[in-house]
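The values are calculated or read from the model by the stated rules, or taken from the named source; none is laboratory data. In this text the structure is predicted, and so the values were computed from the model without any measurement. Cβ sites come from the backbone with ideal geometry, for glycine too, and all protein chains shown count toward neighbours. Just the protein is used for accessible areas: all its heavy atoms, side chains included, with ligands, DNA and RNA removed. Shrake-Rupley method; radii C 1.70, N 1.55, O 1.52, S 1.80 Å.
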Amino acid sequence: KAGVTQTPRYLIKTRGQQVTLSCSPISGHRSVSWYQQTPGQGLQFLFEYFSETQRNKGNFPGRFSGRQFSNSRSEMNVSTLELGDSALYLCASSFAGGTEAFFGQGTRLTVV
Amino acid sequence: EDQVTQSPEALRLQEGESSSLNCSYTVSGLRGLFWYRQDPGKGPEFLFTLYSAGEEKEKERLKATLTKKESFLHITAPKPEDSATYLCAVESQGAQKLVFGQGTRLTINP
């Protein structure tokens, strides 16, 4: 059974640019969540999608957005990148919210 | 607001030396408490879910327990390959999100 797949694994972007990250969940999982991990703040929740609907959103600025497609694949977008957006972005999928969430390997974003 | 505090921040043990990691939490209504293991540069790997006080789960050298205020991850006779950061997270009723602690960085010396 394939795990959660995130692409790309690594990204280097310049301040002011925008970026789109992709997440393919485990087959049959309909809930996809996104987290930002930094050494100082740890893992922080960005948003959660279930059946193409955003059910919860974390305390991040509007530059961070996401969406989910009918096949449960999800994308997140960060516009007008800032140096502080450099982090490991993790996607997790679960059958439904509240059940075990399985994480992908993450996308390492570096903003220069 | 849901909160999770893990202690210690870092723990160094000799191979075979058993110990416990602590996860204290405050949550409005617990739906589940989760333990993950994370190796450097990788995503967290799911270990256990605990749903109610008194529940225990085991996997190889690891055993997780839960009370109404905290959870313990007991590691028995650890090996160097158990070295990793161990993360604790809670999900409250209706939240659809995990709130993580800062993790415990465990190092097992051969």
Count of residues meeting criterion [within 11 Å of chain A (Cβ to nearest Cβ), over 10 Å from the mean Cα position of the chain (by Cα) and open to solvent by less than 60 Å² (accessible area, probe 1.4 Å)] in the stretch B:101-110: 0
I need the full set of residues from the stretch B:57-99 which are within 17 Å of B:Pro40 (Cβ to Cβ) and either surrounded by 15 or more Cβ atoms within 10 Å (Cβ to Cβ) or within 11 Å of another protein chain (Cβ to nearest Cβ) (or both), in order please. B:Asp82, B:Ser83, B:Ala84, B:Thr85, B:Tyr86, B:Leu87
Give me a count of the residues in the stretch A:40-65 that are away from chain B (no Cβ under 13 Å) and within 23 Å of B:Pro44 (Cβ to Cβ). 1
Name the strands (runs of 3 or more DSSP E) wholly inside chain A in which the number of residues that are open to solvent by less than 40 Å² (accessible area, probe 1.4 Å) and of a type in the set (A, V, I, L, M, F, W, C) is 1 or more. A:10-13, A:19-24, A:31-38, A:42-50, A:64-68, A:74-78, A:87-94, A:107-111
If B:Leu21 satisfies all but one of (1) open to solvent by 40 Å² or more (accessible area, probe 1.4 Å); (2) away from chain A (no Cβ under 12 Å), what's the number of the condition it fails? (1)
Before we move on, is B:Arg37 modelled with pLDDT of 95 or more, within 13 Å of another protein chain (Cβ to nearest Cβ) and touching a helix residue (DSSP H, G or I) at 6+ places or on another chain (Cβ under 9 Å)? yes
Show the residue pairs meeting these rules: Cβ distance below 9 Å; 6+ apart or different chains; first residue within the stretch B:29-40 and over 12 Å from B:Glu55 (Cβ atoms) and open to solvent by 10 Å² or more (accessible area, probe 1.4 Å); second residue of a type in the set (Phe, Trp, Tyr) and part of a strand (DSSP E or B). B:Arg37/B:Phe46; B:Arg37/B:Tyr86; B:Gln38/A:Phe103; B:Gln38/B:Tyr86
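Can you find, within the stretch B:42-56, the residue that is farthest from B:Ala84 (Cα to Cα) among those that are open to solvent by less than 80 Å² (accessible area, probe 1.4 Å) and in contact with a Lys or Arg (Cβ under 8 Å, 6 or more places away or on another chain)?
Residues of the stretch B:42-56 that are open to solvent by less than 80 Å² (accessible area, probe 1.4 Å), as a first pass: B:43-44, B:46-50, B:52-55.
Restricting the remaining residues to those that are in contact with a Lys or Arg (Cβ under 8 Å, 6 or more places away or on another chain) gives B:44, B:47-50, B:53.
Numbers: B:Pro44: 10, B:Leu47: 13, B:Phe48: 16, B:Thr49: 19, B:Leu50: 21, B:Ala53: 26 Å.
Applying the filter and picking the extreme gives B:Ala53.
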Failed condition for B:Gln102, given (1) part of a strand (DSSP E or B); (2) at pLDDT 95 or above: (1)
The listed residue being free of Cβ contacts under 8 Å to residues at least 24 places away in the same chain and in a loop (DSSP other than H, G, I, E, B), out of B:Ala53, B:Ala95: B:Ala53
Is it fair to say A:Gln37 is within 12 Å of chain B (Cβ to nearest Cβ) and free of Cβ contacts under 8 Å to residues at least 40 places away in the same chain? no
Would you be able to say whether some residue in the stretch B:5-12 is open to solvent by less than 60 Å² (accessible area, probe 1.4 Å), touching a residue at least 40 places away in the same chain (Cβ under 8 Å) and hydroxyl-bearing (Ser, Thr, Tyr)? yes
